[in-house]
Structures are given as C-alpha cells and as structure tokens.
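Remarks on the structure that follows.
The values are calculated or read from the model by the stated rules, or taken from the named source; none is laboratory data. The structure presented is a predicted model; accordingly, all values stated were derived computationally and were not measured. So basically every Cβ, Gly included, is an ideal-geometry build from the backbone, and we count neighbours across all protein chains shown.
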Amino acid sequence: MSILDRIADGWRKYRKPGYYDEFDYHWGMTVDLDRCTGCEACVTACQSENNLPIVGEKAFAEGREVKWIRIERYWEGEFPDVKLRFIPMLCQHCDSAPCETVCPVSATYHNQDGLNTQVYNRCIGTRSCAVYCPYEVRYFNFYDHHWDSPLDQQLNPDVTVREKGVMEKCTFCIQRIRQAKDVAKDDGRRRVRDGEVQPACVQTCPTQALVFGDRKDPESQVSKLMNNPRTYRVLDELNTDSSVVYLKKVEDDHA
Amino acid sequence: MPNIDRRDFIKLVGAGSVGVGAGFMLRETIKHPTEQLIPHVIAPEDFSTGIATWYNTVCSMCAAGCGISVRTREGRAKKIEGNPSHPVSQGRLCALGQAGLQVLYNPDRLTGPLMQTGQRGSGSFAQVTWQEGLDKVADRLELLTAENQGNRIGLLSQGVRGHLAQLFELFADQLGSERLLHYDFDHPHTLYAANHRFFGEARLPYYDLKNTRYLLSFGADYLGNWISPVHHSLGFGHSRQGRSDVRGRFVQIEPRMSMSGAAADEWISAKPGTEGILALGLAHRIVSEGHYSGVDRDDWTTALSGYTTDQVAEQTGVGADTIRRIADTFVHTEPSLAIGGGSAANHSNGVDTLVAVNALNYLVANIGKPGGLVFNPEPAGPASQDRQASYRTMLELAEDAKQGNIEILILNGTNPVFSLPSAGFEEALAEIPLIVSLSSFMDETTALADIILPSHTYLESWGDDFPEPGVGFSIGSVSQPVVSPLYNTRATGDIVLQLAKQAGLSDAIPWSSMKDFIKDGWRLIYDRGGLDTQKESFESFWRSILKAGVWGEKTHRDPAFTLDKRVINSIAVPPPEFSGSSDAYPFILHPYVSTTLHDGHAANLPWMQELPDPMTSVVYGSWVEINPATAGQMNLKEGDLVDIESPHGQIRAPVYVYPAIMPGVIAMPIGQGHVTYGRYANRGVNPIEILSPRVDQRTGALASSATRVKIKATGRRIELVKTGGNSRELGREIVQTTGGKASQGHSAKLNSIPITVVPT
Amino acid sequence: MPEAKELQYADIHRDVVRSIVETGPKYYITLGTAIFVTLLCFFFPWFYQLYYGIGAAGLNHPQVWGTYLASFIFWIGLSHSGTLLSCVLHLTNSSWRKAMYRSAEAMTLFSLVVAFTFVMVHLGRPWFIHWSLPYPNQMEMWPNFRSPLLFDVMAITTYLTGSAIFIYMGSIPDFAAVRDRTIGWRNTMYTLLSLGWRGTDREWHRLHWAYTFLAVLIIPLAVSVHSIVSWDFALSIVPALHQTIFAPYFVVGAIYSGTAGIVTVMFILRKYMDFGQYITKVHFDNLGKLLLVLSLIWTYINMVELFTGWYSGASTEHEALQYKLFGYYAPLYWEMILFCAVAPLLCISKRFRTSFVPMLILSIAVNIGMYTERFLIVGTSLSRQYLPDAWGLYVPSLVELSIILGSFALFSTFFLIFVKIFPSVSMYEVKETMSTPKTEPEAPPEGNPA
Ligand SMILES: Nc1nc2c(c(=O)[nH]1)N[C@H]1C(S)=C(S)[C@@H](COP(=O)(O)OP(=O)(O)OC[C@H]3O[C@@H](n4cnc5c(=O)[nH]c(N)nc54)[C@H](O)[C@@H]3O)O[C@H]1N2
Ligand code: SF4
Ligand code: SF4
Ligand code: SF4
Ligand code: SF4
Ligand code: SF4
C-alpha cells in the first residue's frame, strides 16, 4: 500500500460512521422531558461535583456564569392558556462535534469512549469552540475564580480547578467514569456494569429524567430508552450526531 | 569531492530541510491516526481517583427529612448525595440538599461563643469562652427554676423532630416552662388543622403520587418546596413515565404558575382564595351526577347544595365546562388524588379550603388505597407534641414579652425578626432581659441576642429524624457527624444537656452527650420488640443503622376510616377576606416561598443564590411578577423599579413580566431581603415586611396571601440578573412535544400516549 | 507626473534622504506622543487584562468573541491593498503606483503586526500561542490541522513573510542610494541593508525578475489570507456567519478598507512629509475610482448576504438578520451603510476625487464603516444563535476601546520609525517615470535606472 493510500485510508476510517463502535464504550445520556420538572437539582449537583466557580452577582450580571448543565425555559401561549417548558442543556458530546474541528491546538477532542473531552492544560483560550458549539454549553473562565475560605474545602480533589483563560464544559463526569473503570478492573471485570457510572446530575435527578449509560450495550437502560418512539435530538438538523438524546414531553392537552 | 559552490550549498541545504520536514510530517501523519493526535493529554492508564469515605446521615435543609450520603476525603465533606436506601429520598436530592455543604463551609459561620458588648442591635460582640457563656445562661436558668419562675423562660426553636425535640421538651419541663415553641414561616398549620377536622388527627398522611393517575393540586407546589419535594418528584417521575400502562395526569390550580404548575398537564387559575370553593364545586358535581354512592350521600347533597357548578364558576372565575370536565375526570380516573397547600391554604379560609380538598379524596374513596391518601402509622420515635407556633401564638409570645413575663428567651435556629410580619417582634425582644441564641449564623434575630452559643451544623452533629409525613410505614433515620467540627461550636443537643447539667437538672437529664441520649432513645425502639433486628445485639443493630442511615419497618396502618357526619354538615368555604380595599389597593399580593432560598434560610448559600429561579431564571435578587397585559396597561417593562405598597408598608422591587399570573395578582418570592445574614444573603427585599397580620380564623396561621397592594412606578430601572435570554422558542422546536390533541377528554385513552418504562 | 516638471534626479535624492536624516522636533514630539499613547492605551490595559483575565473586556456568554477579533480582521483588511495593490500595479505597469507603493507596503507589514498583537490580546492564554505552531516536540503534540484558526496562522505567517521580503527587496537600490549619501552609523546600517548593491545591470535584472516573481506570488497569497480569515467565521454553523459568500466578501472588504487606508496615509505623507510633488492629484483620482468600484462590489455582496439570509427561510437566519438591521446595534449597521455604500458614491465626481481634504474625510469614513462591519459580523451574530434562551448582549468595555485606540498609536509608532529608516518613496522607481535629464547633474555613482 502506498503512503498516500495509507493516509487516505486513515482518514476514511476516521470519517466512517460507526467509527467509535470499535472502541469499548460509547457513553450517552437520555433526558426525559416528560419527567423533568425544571427543579435544577442537576445544576447544583454538577456545580458541586465539578468544582464550578461561584462567580458572584457582578460577574453573573455580566454573563460570565459557569453552569455545565443549565435549564432553558420556553414559554408557549398567552395567559390563561400558557405553558412553560423546561429543557436541561448540557454538552451533547456530539460525535461530529463542531467544537472539535475548530480548536487549533486540539484541546478539545473526541476520546475513544465517544466523549467530547476538554483538556484544560492544552487550551489557549481562543474561545472558538464556544462559538462553534450550537448548544452554547461551553463556558469560558473570564477570571481566576475564588472560593471564600473555607468554601474551598468542599472542592472535589478528583477534579481540577480551572484557571482564567481556559474553556470548560460538561465532561460527562469523566472522573466518575474512570473510577468505575478502576473498580471494574479491581473486580476483575472487563466492563463497567450498566448504572455503575452515574454522573452527578443523573445521580441526583429526583424525577429520574436523566439516564446515563453505554450506548454500545444493547441491554443498557440508555440504549433501551434511545429506541423509544419519543426520542429526538435537539438541533438534529445540524447533524452534530449528539450523544444526548431527548424524549419528547407529552402534552396531554385537555381540549 | 564534487565541486560545490556557495550557491549550490545553499540550495542543497534548503532542499534538504524541506525534504526532512516534509518526510517527518508525513511519517507523523501515518503514525498517528487522528484520534490519537495528542497522546500526552490522555490521562495515563495508572491515573487513579481517590478513595472516598461515605457517611449516611439526614438532610436538615428542609422539613422533608431526606436521607443523604456524604462523600468525604481526608476528613472534608465533598459531596452530598441521596441515600439510596432511604425511602424518602431514594438516592435523589434537591438542589438545596446538595447545597448543605455550604452550610458547613460557609465563610460567614459563627466560630465561637459571643457576648453582646454594646447596645442590642449594635452588632458589637466580644468572643467569650464556652464556660463563660454557659455559666451566664445556666445561672439565670437555675435561679428562675429555684424560684419556681420557670415559666418565665422561653424556648423558641426552629421545627425539630426526633430526640432533639424530645430533649427540648424534657428541658422545658424540668425548667418548669410551658413556653416551648417551634417557629417556621412555612409550616403548614392549616393542613394539620384541616386533617384534624376531617380525619380526626393533626398529622400528615402519605400522598401516594407515585401510583396516582390523576392529581388535582390546589396551590400545593409539591415539586418545589411543599412538604417533601424530592419524594414527590420521585412519585411524579414514576407516575408520568414509570408504568407501562398509564401516564399520570396532573392538574394545578393556583393564581400564579409554580414549578408544579409548569409540570402539570393543565394549569388553572382560580381567583385567589376561592380554591376551596372550587373543590366544593367539584364535589357537588361528583355527588349530583350520582358518582358518589356512600351511605352519607344525602348529607353530602345537602351540604354541597350551595356549590352548584354555575355558582362556583361565578365565584372562582373558572369556566363551568372546566369544572364539569375536571370533576368527571377526577371521579372516573382511578386512583385519583387531591392535595392542597401553598397559597390556597394561606388565606383567611385556609382550613376550610383544605377540608374541602380532603372531601374530594373522600368522595372518590381513595383513602388508604395505592395512588390515594395513605395514613401513616405512629412514628417509631419519641412522640412529641406539635409545638409549631402559629402567627397568633407568636403574637401572644410577643405580647407576653412586652408584659415583662419573659426573663430569658433561648432561640434555636429560628429567625422570627425576619419572618414575622408587623408583629412588633423586635420591640418585644427589647423587653426580654436575656436573649440567648444557639444559631450557627448571625441572622436578624441572633443579632439581637445577648449571648450567642453557636451550634454545629447538621453535618457535624448527632441527631435523628422521623420524617413527617412518613412514607406510609415506620421509618427513622440517624444522623451522624461526617466531619470533625470546623470551629469552636457545639451541637445544639450538647449545649442543652450542658445547660441542664449546670442548672442542676442532671437528675432528670443525666446524659452527657447527645449521642448517648439518642442511642438510649434508639434502645427503646430496639426494645419495643417485634423487630426483625432484635435477633442481633443492640450494638450491632445500632451500627447497622449508622451504616445504612435509616431503619424501616413494613408496618401499615389500617386504612379504615369513618367520617363524622358533623364534618359533612359543616362543610363550607367562606369567601376569602383581604386586607386593604380593592379600590385603594387594586392588586392581591401572592408571596411565595422561593424555590431556591426557601423561606430565606438558604439565602446565605452562594450556590442557591446563583441557582436561577426555576420559573424566571433570576438570580441574586428580588423581583415582582406582573401579568403581561397588566404590565402593558401600566407601561411597565422588565427591570422597572416599582414601589409595592400595602396598608402595612412599602417595598421596592424590579418588575418581571410573568406570562402565567392572573391579572389583578402580583407575586413575589420570599427569601431575600436579609441584612445581617452574611455576605451572600444581604440583598433584595423581604415581602414579609408588607404582609397584613390577617390570619386564618381557625388556626391563627398567617394568611400570607391575603394582602392587597398597589404598585407605583418609580421611573427608575435596573437590569435583572438572570440567565434567560429570549423566553420564546420561535418555532425552533427545541422542546419537542408529543401527544397533545390526540388524547382528549376524561375518557382519554391514556394508553395511546407513548409511555416509557425505565427498567429499575 | 505633471507637477514634477522641474524635478531632477538629484532633487529626489535630496528630498528623500533629507526626510531620513533631518529630524525636526515635530517628528520627535509626534513619535513621543505615539509611544506614550501606545503604552498608556494599548499595553497598560492589556497587561491589566492579562492579570485580571479576559473578563476585563466586555465579553461574556454567548458573546465570547468581540472587538479584539473585529480589530484583528480590520487590521488584516487594512494590510491588503498595501502589498497587494502594489503587486497588481507593478504587474500592470501603472506608473502612478511608484510614488506611493513603499508606504503602502509598509502599511501592510505593520497592519499585520498589529493584527497579530490583537490575536495575542484576544487569547485567554497568549503565553501558550506557540502551541498553535507545528514544531516537533517531545510530547508529540501537534496543532489541529482541521482548524480554520490554524489555516489562519499559516496564511498570515506566510503573508507576513512574503510582504516583508517584498518590501525589503524593493528597497535595496534605495538603501544603496541612501548609503552613498550618509556617513557614520547610518552609512554602516545602510551598507548592511543594501547587501552590497552596486547597481550593475545584472543586479537590476535579477531584482526585476525576483520582484515580479514575488508580486505574482503575493497576489493569490493576499487573496487567500482574507478568505482564510473569513473561514474562521464561515466554517462555523452560527447563523449569519455560516455564509459561502464570506471569502469574497472579506477579500473585497479588505481591499476596500486597505485602499481607503492608503488614501489616508498618502494624505498624511503629502501634508507632513513634503511629498507634494510625488503624491499628486493623479494618485487621488485613481484611488478614488478604485474606491468607487470597490464600494459598489462591497455593497452588492452585502445585499446578497442579506438576501441569502432572508431566502433561507430559517428562523435562525431571519432572527440574526432582523437583529442586525433593527436590533440593539442597528444604528451601527446604518452608519456602516452610510459610510461604505452611500458616501463613496461621491467618487463619481472627478472634482471630488481630486480634492485632498474631502478624499481624506471619505477615506476615514470608509474605514470607520469597515471597522463597524467587522464588529457587526462578530458582535451581532453571536448574540442571536440557535437557542433563544441563551441569547445575550455584548457591550465593549473601556479596556477594549482603549486597546483599539492604542492599536492606532502602535501602528503610528511603527510607521514613524519606518519613515526614518526606509526611504518612504521609492526613489529609483520615481526616477523611472521621469524623462531623462537634459543636463548632466552631479552624477550619482549608481547604475542606470531602467
Ligand atoms: N505522602 C508522601 N508524600 C511524598 C513522599 C512520601 O514519601 N509520602 N515523598 C516525597 C518525595 S521524596 C518525592 S520524590 C515526591 C514524588 O512525587 P510525584 O512526583 O508526584 O511521584 P509519583 O506519585 O511517584 O509519580 C507522579 C506521576 O507520574 C506518573 N508517571 C509514571 N511514569 C510516567 C511517565 O513515564 N511519564 C509521565 N508523564 N508520567 C509518569 C505516575 O503515574 C504518577 O501519576 O513525593 C513527595 N511526597
Ligand atoms: S434534576 Fe432532573 S427534573 Fe430536575 S431539572 Fe434536572 S433533569 Fe429536570
Ligand atoms: S454540544 Fe457543543 S461542546 Fe458539546 S460536543 Fe457538541 S459542539 Fe462540542
Ligand atoms: S478555547 Fe481552548 S478548547 Fe476552545 S478552541 Fe480555543 S484552545 Fe481550543
Ligand atoms: S454529566 Fe457531569 S459534568 Fe456533565 S452536566 Fe452532568 S454532572 Fe455536570
Ligand atoms: S427535600 Fe428537603 S430534606 Fe430533602 S434534600 Fe431537599 S432540602 Fe433536603
């Protein structure tokens, strides 16, 4: 095989749909909008697990808050026939992620588990990934954040604290994934069991609207939910091939 | 040696460099498939996360009593999660529960005992030792007890349960004081009273949301902060998509859409205070259509004769068709359930309203059935009296103080100066010679104390809890310290025990620590028998409870219940009364307990301040919600500062144009407006300040939704701090929906709606 | 060259060399002011931002890009029509190019340098900018060759190198001329700079050949640079940025603002450096025509952009359009239309084109308009994206405004230093355009031009 063929082959392989199927896991999440109540327990859980900063009122007013998962709210209709619909929005871990192509230093890339990962150490802060991400789930560190002592004691030692000038976003709680893999390895298991990894947001969701798991395992909860007729992807028309799949809200209108 | 001149040399070097560079890049391209561009930054295989220690304990952030597991590393608490084996939380947690860490690690915590040095309220305190502080209090207590003046000692605590409540009772008893009260702003007095009237016991039943198919909620924000939000959310999720055959439907009746209103399938706004009338209208329809066939059918017919559909439609502003449809669906969908609370219960007719809601449950015979209303067995723990002080009781306490009948007031974690409207409580406190506070934080009431004996937070203390309401069977949970105390503070129970000892009460209260006291208490539970656990020794029983964090017994209460005829005959809901004339004060103020800050006690937690309000996405501030049409007429836009004036005061807040609130009603969240509660809390305004002192006639509970107000534009505006940009979807199908018109009316084939079963 | 009737070869040398060696207090005051303003308005706020974080700028979510990037495009744009125009005119043998191309090329160079500093200012962690370069390293970390930002790095570096070589090469005979008329350290410096130029036929031949070669090379390079800059935006899927027309739009815009920039610079050179005889009405007339044509093309593309947005029928595109035309920043949009589409129509009149002050005003207006264009591209598109709940607003902060102001001082500083080192008018090429002298002047010992 000539050198050129080998290069072309490498690229073809990479671009082939299902490329990631060759790897061990393909993590994914489902969000059942018929269960979600907009309670935002997930938001605080993520903030707690992932050392998200407390930015303060001023920075919040300036639009510099950091929430790896946020609840968007959309009003429909006018009083009295009015509805408020919630939708949790987090990194969709797109398999064709626009944010990945634009990063000049590959600080955000797709790992073999199908995660869109963010390498803080490598990020130079161009913020292009945030522009390219249509879901607007990338958050930039406009400052060095500060935890009033002793609030710093609550910081999770398994997760880094990001410095000013770098981009951050939902990691699918990669530290928990790693921990589960370690535990599986210690137990002599080749694979992590379904439900063994629960990102903080999924873990806490009081209505169980969020479900996380391995999409490659057909028996996993998440795989089963992904076969539900209610599934859809947000901004599917952009072909981001996201790993977060939503289940439509059921609106059982009375009239 | 070939003849190479200077130029050839340069050419060769140039060509060589380009060639080497190109070759190198080519090799790299082949070597690394794209996904391995950056091998260095992929964490090395032997990277390992730390090993954490988890402790099971109980959440104390609200009265629900969820079981929690706290993750600790190197002696520090890092994360709170629900305890999966706890029946209330089942591993889940609300945002506030998560934020408990910030109570522990709050930078504004009191770090040791303090004594007021200046004028009360001057805020000048000096550090003292525990001994000094305790001596001062204990001496006075001893003196008063010795003189048989024990009743001049007041004990005012936040709502506590379990053995701490028992300890307080024992303590008060031994001191000879009858003035032991609990005070929480959002305690559902009217619900207890209504249950007392209807079911004959002032307790909360278990509302089985999980198995219900049709829920009517009269003002109860059961997903936000009503009674047990995490447990209700679990039930909600299951009811919605957890069963293969049916999807539960939810109807919410309230003048301003709450979180539960947003989650409901149908949101109905009845005129404020007429929710009970609507409930009786539904009851009338059920009975008059012959859907009720109990023996007391005729009594009901008579009692409800004044609540014909048309009359009720007229009084409540809810369409007659809607009333008929809901009543029919309610009776035809089995099991169905009605609950009431929140603003519906906070009117002058609050108890009557909730009695009417109970009547609906009675008429569809869901009492004691799955998916209905289930009576809880007696709690396994100490049977303590309900000591919750209503607004009226607090006024009496204030009056007593003014009369000079109170020598010492011991405060425990309650903040009435912040949460009692127009009660003159601050002036009353001025008449009390010695005020002692056991709070962990400086707050508006603690700032007036003479001696502050700061308590541990719940994550540093021993305690236990017997959740009210239970989950239909007996449970109890033990809470244990998960970290060693951060500061020179002590557990509330230990402070009380120490005071008792120093005041010479150690004969009756011999325990040296709260842990011993609780352990002895649990010995009683263990001894009571009938427990599987008695197969093991008490010590191993105790250890297993500490490990599990919860203990439960599948004992069910007999659902049998007969309704007293007199209750039926007296059923009626009078129209609500409001303070202020509708001419001078055209709007009804709908104050609601903030979903994020609750009644204000969570306002010092930065995570909660930064958590967008679920409905408006506002953070860090106060706002007033106004119907879009009304705002249009008054030419008000988001952020316009308005003065909100009631007959009892005036506050200023920015407008939030809220699509789901009735015209004629304006709403404000309670929780902000602190002044001495620390760096994160001191902001916004407190609508409690302008509430009228009107009460529910039967209980004396504050009718917090019964104040009329007027609003005046100030011509100034501010930018609301919030996350939401545009609140409309613009047809972009971001939140997609299904179902809809396909399933109509009460005979809807619920099976036709796609259901998702989560295998658990 | 009608005005230069009396001009002799020697006059040219005298004038130009004088402009290098004779430095009055006016120059020092100007240079001092420029350096002072640069330090105060550019470096001081930038260092503050480095210390405090990008939060010193008005940027936020979702508006993570702002004036720094707008300024970057602006300066890259300004860099066009310097070298690019010079190349085109060189290849088409336009005689009027010769008096002004040196300063135009210098503009290119310094605009690129200023543009680069804006990249540094824009980055969250500029101290790691070298990570965007592909250099072999022990950690085996490579930049991402799929990233349009990386294309940018490549294109701009190449353009900068090309332009630098071009201007330097074209200056060699003039360095030699200055060398021969100076003494002391200047003589040493110009001896080095002129690389031993003697003015032999062979040298002239080689120079012409290499110069033409570079000119041919640079034209596509310049076009590619702004196309590639446009891809930073067009390759995104942001409504109103995801546009196929962006590459030509940016190139035309770049040449447009660059041409206007040249008018401004030429006015200043003419007025303050006594180059009235070399920079004449002819230049302004021609540049005015060019401005008119560019303005028409620019306006056309602008309308096409609006049309395609509208024609897409997509809610997102419509909203972005609506916001641009009637939203918070609408006044800026209409200002841009006035300055870049309407005002240049005045160039239809020859009288206008040949009036120096009105042309100056127009050229400045066009560049204000073009800056606005860049700001609107970045500023309005990002605030109205797919998820309405995440919409936001961005207002530049004082730090940003100061840095923008300071960047002009930085540019001026570079330029002021340049005019003291480089002969800012190409002497030999001006001489090429003159008729052979009738009487023999005090012959310079240099070769035969042309
Ligand atoms: N508690 C405690 N603390 C100590 C000491 C102690 O005895 N007890 N000793 C002190 C002393 S003397 C020392 S020297 C330091 C050592 O402190 P560290 O330098 O932190 O030592 P390690 O934990 O052994 O190794 C660091 C990391 O290097 C990774 N690593 C291993 N091989 C490679 C490799 O080839 N490439 C790269 N990039 N990474 C690799 C490992 O996976 C590990 O995560 O600790 C000091 N601190
Ligand atoms: S925790 Fe669950 S229910 Fe609450 S907002 Fe998040 S996804 Fe929705
Ligand atoms: S959601 Fe955004 S950040 Fe996440 S992978 Fe997709 S494009 Fe990237
Ligand atoms: S901000 Fe960081 S991660 Fe994002 S594109 Fe720039 S360097 Fe890459
Ligand atoms: S998966 Fe983890 S990182 Fe992502 S939103 Fe949930 S909690 Fe945050
Ligand atoms: S509902 Fe109450 S007890 Fe349960 S987690 Fe939330 S705050 Fe804690």
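Pairing residues of the stretch B:379-408 that are part of a strand (DSSP E or B) with residues that are surrounded by fewer than 17 Cβ atoms within 10 Å (Cβ to Cβ), at Cβ distances under 9 Å and at least 6 apart in sequence or on separate chains, gives B:I408/B:P433.
Of all residues in the stretch C:359-387, those being without any contact (Cβ under 8 Å) to a residue 12 or more places away in the chain and not β-branched (V, I, T) number 1.
For the stretch A:93-134, residues that are more than 6 Å from ligand 4 (Cβ to nearest atom) and touching a Gly at 6+ places or on another chain (Cβ under 9 Å) total 3. Please indicate, with yes or no, whether at least one residue in the stretch B:574-592 is in contact (Cβ under 8 Å) with a residue 40 or more places away in the chain and under 16 Å from the mean Cα position of the chain (by Cα). For the stretch B:574-592, residues in contact (Cβ under 8 Å) with a residue 40 or more places away in the chain and under 16 Å from the mean Cα position of the chain (by Cα): present. Within the stretch B:9-56, the only residue that satisfies the criterion of being of a type in the set (S, T, Y), modelled with pLDDT under 75 and in a loop (DSSP other than H, G, I, E, B) is B:S48.
Within the stretch C:139-174, the set of residues being without any contact (Cβ under 8 Å) to a residue 40 or more places away in the chain and within 30 Å of C:L192 (Cβ to Cβ) comprises C:T157, C:T161, C:Y168, C:I172.
In the set (1) at pLDDT 95 or above; (2) farther than 21 Å from B:T676 by Cα, B:A99 fails one condition alone, (2).
The sole residue among B:P454, B:P485, B:P481 that is surrounded by 24 or more Cβ atoms within 10 Å (Cβ to Cβ), within 27 Å of the chain's Cα centre (by Cα) and not acidic (D, E) is B:P454.
Being surrounded by 15 or more Cβ atoms within 10 Å (Cβ to Cβ) and either touching a Leu at 6+ places or on another chain (Cβ under 9 Å) or at positive phi (or both) is the filter here, so list the residues in the stretch B:628-645 that pass it. Result: B:T630, B:E638, B:G639, B:V642, B:I644.
Looking only at residues of the stretch B:220-243 that are among the hydrophobic types (A, V, I, L, M, F, W, C), more than 8 Å from chain A (Cβ to nearest Cβ) and surrounded by 24 or more Cβ atoms within 10 Å (Cβ to Cβ), we find that the one that is farthest from ligand 5 (Cβ to nearest atom) is B:A220. Scanning the stretch B:188-219 for residues that are within 14 Å of another protein chain (Cβ to nearest Cβ) and away from ligand 2 (no atom under 16 Å from the Cβ), which turns out surrounded by the fewest Cβ atoms within 10 Å (Cβ to Cβ)? Among them, the one singled out is B:R213. Taking C:S363, is it more than 12 Å from chain B (Cβ to nearest Cβ) and small (G, A, S)? Here the answer is yes, as C:S363 does meet what is asked.
Across the stretch C:133-167, what is the number of residues that are in contact with a helix residue (DSSP H, G or I) (Cβ under 8 Å, 6 or more places away or on another chain), away from chain A (no Cβ under 14 Å) and not aliphatic (A, V, I, L, M)? Final tally of qualifying residues: 6.
Based on this model, can you work out whether B:A344 counts as among the small types (G, A, S) and either assigned to a helix (DSSP H, G or I) or buried (at least 24 other Cβ atoms within 10 Å of the Cβ) (or both)? In short, yes.
Taken over the stretch A:103-128, residues that are at the interface with chain C (Cβ under 9 Å from one of its Cβ atoms) and of a type outside the set (S, T, Y) amount to 9. Given the condition part of a helix (DSSP H, G or I), of a type in the set (D, E, K, R), modelled with pLDDT under 90 and over 16 Å from C:F352 (Cβ atoms), answer yes or no: does some residue in the stretch C:272-291 qualify? Scanning the stretch C:272-291 turns up no residue that is part of a helix (DSSP H, G or I), of a type in the set (D, E, K, R), modelled with pLDDT under 90 and over 16 Å from C:F352 (Cβ atoms). The set of residues from the stretch C:292-335 being among the aromatic types (F, W, Y), within 14 Å of another protein chain (Cβ to nearest Cβ) and part of a helix (DSSP H, G or I) comprises just one member, C:Y323.
Kindly provide the set of residues from the stretch B:94-124 that are within 14 Å of chain A (Cβ to nearest Cβ) and of a type in the set (D, E, K, R), ordered by number. Result: B:D108, B:R109. Scanning the stretch B:429-447 for residues that are buried (at least 23 other Cβ atoms within 10 Å of the Cβ) and assigned to a helix (DSSP H, G or I) yields one hit, B:T446. Comparison of A:V197, A:V192, A:V159 shows that the only residue that is at the interface with another protein chain (Cβ under 10 Å from one of its Cβ atoms), touching a residue at least 24 places away in the same chain (Cβ under 8 Å), in a loop (DSSP other than H, G, I, E, B) and among the hydrophobic types (A, V, I, L, M, F, W, C) is A:V159. Considering the stretch A:202-215, the residues that are at the interface with chain B (Cβ under 7 Å from one of its Cβ atoms) and near ligand 5 (Cβ under 9 Å from one of its atoms) include one that is surrounded by the most Cβ atoms within 10 Å (Cβ to Cβ), namely A:T204. For the stretch B:687-702, the criterion of a residue being more than 14 Å from chain C (Cβ to nearest Cβ), closer than 26 Å to B:M634 by Cβ and surrounded by fewer than 18 Cβ atoms within 10 Å (Cβ to Cβ) is satisfied by at least one position. Within the bounds of the stretch A:71-82, is there any residue that is more than 14 Å from chain C (Cβ to nearest Cβ) and either in contact with a helix residue (DSSP H, G or I) (Cβ under 9 Å, 6 or more places away or on another chain) or surrounded by 23 or more Cβ atoms within 10 Å (Cβ to Cβ) (or both)? Yes, the stretch A:71-82 has at least one match.
Taken over the stretch A:128-143, residues that are touching a strand residue (DSSP E or B) at 6+ places or on another chain (Cβ under 9 Å), over 15 Å from C:I54 (Cβ atoms) and either in contact (Cβ under 8 Å) with a residue 60 or more places away in the chain or within 16 Å of ligand 6 (Cβ to nearest atom) (or both) amount to 2.
Just need a number here: residues in the stretch A:166-201 that are in contact with a Leu (Cβ under 9 Å, 6 or more places away or on another chain) and surrounded by fewer than 16 Cβ atoms within 10 Å (Cβ to Cβ). Counting residues in the stretch A:166-201 that are in contact with a Leu (Cβ under 9 Å, 6 or more places away or on another chain) and surrounded by fewer than 16 Cβ atoms within 10 Å (Cβ to Cβ) gives 0. Scan the stretch B:646-658 for residues that are crowded, with 19+ Cβ neighbours inside 10 Å and either away from every other protein chain (no Cβ under 13 Å) or in contact (Cβ under 8 Å) with a residue 60 or more places away in the chain (or both) and jot them down. Selection gives B:S646, B:I651, B:A653, B:P654, B:V655, B:Y656, B:Y658.
Of these, B:T492, B:T562, B:T555, B:T533, which one is modelled with pLDDT of 90 or more and either touching a strand residue (DSSP E or B) at 6+ places or on another chain (Cβ under 8 Å) or farther than 25 Å from B:A165 by Cβ (or both)? Step by step, each of B:T492, B:T562, B:T555, B:T533 is checked, and only B:T492 is modelled with pLDDT of 90 or more and either touching a strand residue (DSSP E or B) at 6+ places or on another chain (Cβ under 8 Å) or farther than 25 Å from B:A165 by Cβ (or both). From the list B:L170, B:L181, B:L143, the one residue that fits, being without any contact (Cβ under 8 Å) to a residue 40 or more places away in the chain and surrounded by fewer than 23 Cβ atoms within 10 Å (Cβ to Cβ), is B:L143.
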